[in-house]
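Below you'll find the structure, written out as structure tokens, and then a few comments.
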Amino acid sequence: MSTDLVASLNPPQRDAVLHGDGPMLVLAGAGSGKTRVITHRIAHLVRERGVPVGQILAITFTNKAAGEMRERILQLVGAEARGLWAATFHSACARILRIEHEVAGYERSFTIYDDADQQRLMRQVIADEGLDPKRTTPRGVLGVISAAKNELKGPGDLHDEAAGDYGLEVTARLYQRYQDRLMANQAMDFDDLLMVTVQMLQRNAVVRERWQRRFRYVLVDEYQDTNHAQYWLVRILAEPERNVMVVGDDDQGIYSWRGADIRNILEFKADYPDAVTIPLEQNYRSSKTILAAANAVVSRNTGRHPKKLWTDRDEGEDVVIASCQDEYDEARMVLREIDRAVAEGHALDEIAVFYRTHAQSRVIEDQLVRQGVNYQVLGGPRFYDRAEVKDLMSYLRVVANPADREAFTRAAGSPKRGLGPAALAKLADAAESHGLTMDAIARDPDLVPGLNASQREALGAMGALIERLRQMDATGSPPGRVMEAAIEESGMREALLADGPLETGVGRLENLQELVGVAVEYAARSEEPSLGGFLEEVALVSAVDEADDDGRRVTLMTVHNAKGLEYDVVIVTGLEEGLFPHMRSIDDPDGLEEERRLCYVALTRARQRLILSHADARTLRGNRMYSIPSRFIDEIPAEATGRPDPIVTSSGSGGGASGGEQFVVPSFDVGDEVVHESFGEGVIIGVQQRGRLIQVRFDDKERLLMADMAPMRRLAG
């Protein structure tokens, strides 16, 4: 045994590296050095066990991670490591399919279609079926097909599942046409790479045995993020020798919404009863206090392998619980904490601000801009740079300034109306020749030569909409009301919700509703609010000079985007019931456990200082909501925060409470008809937190309210 290879490892890491043959589950807690274990395990197999590098397959989830893995192994093993298959699932499958292309039924030169290619092809398929692409959107259909492929389901399987569901029957038909077109083009999409490889290995014993002999050792990183197709790929390749090592952390499984199945890691021992389980519990990142907080939260979950992170680092600072009045108070708190950290010597790029939804970033961004703090938004553009925000702003710009051709052109394309570049170029030429604005010409589309009937109809509707919005502005409607009309009457709401996965569409719609909230706030504080004044204010905020002398910036991101990262100082905002945990998950035990894992991910990103904030009230997506602190705050032990015992302590997924002060709240039940001073009449559709939180539907809009603060009474019935 080469002592230098394992000298730097702790005992559990060493056990994992030196493990003999057979299956192994490495439960790698946050910050426990899992990459070191994987790379040293491969080096041990090659240097000490004499395993040829060509017989080892190491799979991870990103090209960056695969590249870093290859570099580390190269340093440990030398030039011999160049033959190692260290790849993502998709690149490994693509490589196998290039070799086995005849068996798979493809030419060796098959094309891999990216997202844009897929959408172009699906648009053609939808047109061939004679369907309306506004109602049956390419992105929406592709989202269903992707989910099916990840479950190894073909068009026939989807059709069988439809069982009279017309929408699913149509999608199954489009799926079949789409696959036929892909095959005719000798092309695959990313999901095909996995599905075709797995199905080929399942069907063809000769090919299956060839690749099982080729890869005698299979190592998989981030196993908790695998989907059904990836699960089967690993299981097939690992047979018959079953030398499979999976590394992951069930406490960080946060991607069920994109197909990941937490059961793959939770049930590994069921698939491999003789598997050795090695927990990596020593954390090299965070202070003892931060780990105590994180452990206390995630331990409330029932669907997990028992483990508890520990560290030999100092106790560190108390976790700070910041109670804020509203989102503006919260943003000011964020700025104060950034200033304090910088004054103590922390660089801006060692400070991160997390939030549950993208829409929350706007108020924080505004505050950072006003104070001249450089920042970046990770995993997405800044709020005012987001496509849907720019789309809605283009409607307002053309209402305020009919001569703004760029704004009209952008608005005409969102949502899609069949007015492509050629049609809009004809419109611009007609406007030029008649000396009119584009929206004036749009109101009389017969002035534009060369348009077909549907384009003239779409153009006329667009012109009429702009005129209605302009009339609203002229007669004193506030900017927020004009925006709401634009969202609804343009079809943007319907298009966003239909375009792609529901989670994505809802997030984009939340950004538009947040922009409406910005307009409402502007009108409330302005002496003479106007659409032009609002547009000017937004332009000044979004056009801030981003010059950065040292390249250092505070990082803003959703918690989903924080996985795998770490910072000296982490500020987690919006820890309120209905926001984090999200309203959609509160009454779903599995969803709530994933929200708690998401919170655990957020807490374990911090090295030295952790601040958790909640607001008593928040205007989010245009709705004013009164909130109570998240149950996750209540689950953090008092000794980690230096505060008295929390007022209310939730028992986690099982509900209930213990200890602390008892609240007397108005008694509401599901089904009660109520009337609210601002929102009018509604019906209660949910009661949470021992009656403190009530979910009410008002005119098709659902709101989460605090029973003891909402100006609301039950209607006599």
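The values are calculated or read from the model by the stated rules, or taken from the named source; none is laboratory data. Remember, it's a predicted structure, so these values are computed and weren't measured experimentally. Note that each Cβ is placed from the backbone with ideal geometry, even for glycine, and that neighbours are counted across all protein chains shown. Side chains included, ligands, DNA and RNA excluded: accessible areas come from the protein's heavy atoms. Shrake-Rupley method; radii C 1.70, N 1.55, O 1.52, S 1.80 Å.
Using the Cβ-Cβ distance between Ala387 and Arg213 with R0 set to 51 Å, the FRET efficiency from 1/(1 + (r/R0)^6) comes to roughly 0.55. Look at the alpha carbon pairs under 8 Å that are at least 6 residues apart: their mean separation over the length of the range 224-276 gives a relative contact order of 53 percent.
Relative to one another, the C-alpha centroids of the range 366-423 and the range 305-331 are positioned 36 Å apart. Between amide H atoms placed 1.01 Å from N, distances below 5 Å from Thr311 occur with Asn283, all of them 5 or more places distant or on a separate chain. Peptides 5-13, 355-363, 437-445 ranked from most to least packed, by the mean per-residue count of other Cβ atoms within 10 Å: 355-363, 437-445, 5-13. Give, as ranges by residue number, the residues of the range 172-196 whose backbone N falls under 18 Å from the point 7 Å along Cα→Cβ of Glu107. Flagged as within label range: 180-189.
At a 1.4 Å probe, what is the % contribution of carbon and sulfur to the accessible area of the chain?
48 percent
Extending 7 Å from Cα along the Cβ direction at Arg95 and again at Val276 yields two label points whose distance is 2.6 nm.
Only Cα pairs under 8 Å and at least 6 apart count here; give the relative contact order of the chain as a rounded whole percent.
14 percent
What does the net charge come to around Ala172 if you take all other residues with beta carbon closer than 14 Å to its beta carbon, with K and R at +1 and D and E at -1? Intermediate values should be presented prior to the final figure.
Working: positive: Lys149, Lys153, Arg173, Arg177; negative: Glu129, Glu151, Asp157, Asp160, Glu161, Asp165, Glu169, Asp180.
So the environment of Ala172 carries a net charge of -4.
Do any of Lys416/Lys701; Lys64/Lys390; Lys288/Lys308 go past 23 Å between their Cα atoms, and which? Checking Cα-Cα distances, Lys416/Lys701; Lys64/Lys390 exceed 23 Å. Basic side chains Lys and Arg get +1 at the Cβ, acidic Asp and Glu get -1 at the Cβ, and with that the dipole of the chain about its Cα centre reaches some 1920 debye. If you bin all the Cα-Cα distances of the range 125-169 at 10 Å, starting from zero, the percentages per bin are 25, 54, 21.
Between Thr35 and Asp117, how high is the FRET efficiency from 1/(1 + (r/R0)^6) when r is the Cβ-Cβ distance and R₀ = 45 Å? Nearest 0.05.
With R0 = 45 Å, the Cβ-Cβ based efficiency is 0.85.
Beta bridges from DSSP with both residues in the chain: antiparallel share about 35 percent, rounded to the nearest 5.
Put a plus charge on the Cβ of each Lys and Arg, a minus charge on the Cβ of each Asp and Glu, and nothing anywhere else: the dipole of the range 404-447 about its Cα centre is then about 260 debye.
For a Förster distance of 56 Å, can you work out the FRET efficiency between the beta-carbons of Gln186 and Ala716, rounded to the nearest 0.05?
0.20
Summing +1 for each Lys or Arg and -1 for each Asp or Glu among the other residues whose beta-carbon sits under 14 angstrom from that of Ser526 gives -4.
Straight Cα distances below 29 angstrom link Lys153 to the lysines Lys134, Lys269, with same-chain residues fewer than 8 positions distant left out. Calculate the length of the line joining the C-alpha centroid of the range 1-32 to that of the range 129-150, in whole Å. That distance is 45 Å.
For Asp391, neighbours were defined as the other residues whose beta-carbon sits under 13 Å from its Cβ, and their charges (Lys and Arg +1, Asp and Glu -1) total +4.
Rolling a 1.4 angstrom probe over the protein heavy atoms with all chains in place gives the range 1-63 an accessible area of 34 Å² per residue.
Which translational diffusion coefficient, to the nearest whole µm²/s, is obtained for the range 181-292 from the Stokes-Einstein equation, given a Kirkwood hydrodynamic radius over C-alpha pairs, 25 °C and 0.890 mPa s?
152 µm²/s
Dipole of the chain computed with +1 at Lys/Arg Cβ and -1 at Asp/Glu Cβ about the Cα centre; of Thr88, Val696, Leu451, farthest Cα towards the positive end is Thr88. Sorted largest first, the spans of the alpha carbon positions of the chain along the three principal axes are 83, 68, 62 Å.
Sort 480-493, 580-593 for me by packing, meaning the mean count of neighbouring Cβ atoms within 10 Å per residue, highest on top.
Values: 480-493: 19.9, 580-593: 17.5.
For the peptides 480-493, 580-593, the packing ranking is 480-493, 580-593.
Relative protection proxy for 127-136, 296-305, 626-635, 388-397, from highest mean packing down: 626-635, 388-397, 296-305, 127-136 (other beta-carbon atoms within 10 angstrom).
Within a straight-line Cα-Cα reach of under 14 Å, Lys34 can be paired with the following aspartates and glutamates, leaving aside sequence neighbours fewer than 8 residues apart in one chain: Asp15, Glu68, Asp221, Glu222, Asp249, Asp250, Glu281.
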